[in-house]
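The values are calculated or read from the model by the stated rules, or taken from the named source; none is laboratory data. Note that the structure is a prediction, hence the values are computed from the model and not measured. Please note: Cβ atoms are built from the backbone with ideal geometry, for glycine as well, and neighbour counts cover all protein chains shown. Keep in mind that these areas ignore ligands, DNA and RNA; they rest on the heavy atoms of the full protein, side chains included. Shrake-Rupley method; radii C 1.70, N 1.55, O 1.52, S 1.80 Å.
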Amino acid sequence: MWTEGSRFINRSNRTTAIAGMKKLAKEVSSSPYKSLFVCPEGTRTPDGSLGAFHKGALVLAIDAGLPIVPMAVIGAYEVLPKGSLYVHPGPIKVVCGDPIEAEGLCYDDREAFGRTVQLAVQSLLDQHNEPPPPRQ
């Protein structure tokens with residue numbers, strides 16, 4: 001994945017993680033592509049609900065001056081529940097919302113920015129989530 005441009009942030013050491021995020025923000029800012037894909041929850045939840053967002057992705061977007069496009073992945077929990085090694089057949093739908101601008105925001109805006117992004121993702125889930133078909 002590294003050869004494809006993926007970067008991983010080791011969250012076990014806060015100082016190293018922050019330094020890695022700042023370096024990544026500079027890389028993205030100087031890149032002609034100007035896009036990132038991050039999973040701000042950091043992990044899947046035990047029941048498939050939307051989890052708390054970590055601040056790193058939000059600060060990264062603020063530092064890089066990039067908008068966040070909220071995305072909801074619907075059906076992934078039913079296909080591969082957390083802790084399961086078995087992939088169940090079923091549909092997965094990815095829904096994208098409208099970009100939420102980070103340009104002009106500062107570090108102190110991260111809490112409000114995070115709430116805005118999380119509400120946008122939850123809204124996508126609420127709008128597009130359908131009850132899963134019963135397992136057979």
Exercise. What nm value, rounded to one decimal, do you get for the distance between Lys82 and Ser35 when each label is placed 7 Å out toward the C-beta?
Worked result: 2.9 nm
Seminar exercise, completed: Across the chain, qualifying lysine pairs (alpha carbons under 19 Å, at least 8 places apart or different chains) come out at 7
For this session: Using amide H atoms built 1.01 Å from N in the peptide plane, name the residues 5+ places from Ile100, or on other chains, whose amide H lies under 5 Å from its own.
Result: Ile68, Val69
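Rounded to a whole number, what % of the accessible area of the chain do carbon and sulfur atoms account for, probe 1.4 Å? Please report the intermediate quantities before stating the final value.
Numbers: 5540 of 9610 Å².
Carbon and sulfur: 58 percent of the exposed surface of the chain.
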Exercise. Tell me, how many Å apart are the Cα centres for region 106-120 and for region 30-89?
Worked result: 15 Å
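Give me the orientation-averaged projected area of the Cα convex hull of the chain, in nm², one decimal. Write out the running numbers ahead of the final one.
Values: hull surface 38.5 nm².
Averaged projected area of the chain's Cα convex hull equals 9.6 nm².
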Problem set entry | From phi via Karplus (6.51, -1.76, 1.60), per-residue ³J(HN,Hα) for region 96-112 in Hz, x at Gly/Pro | 10, x, 7, x, 10, 5, 10, 4, x, 7, 10, 3, 5, 8, 4, 5, 5
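Per residue, how many Å² of accessible area does the chain show with a 1.4 Å probe? Show your work: numbers first, answer last.
On the way: 9610 Å² over 136 residues.
Solvent-accessible surface per residue comes out at 71 Å².
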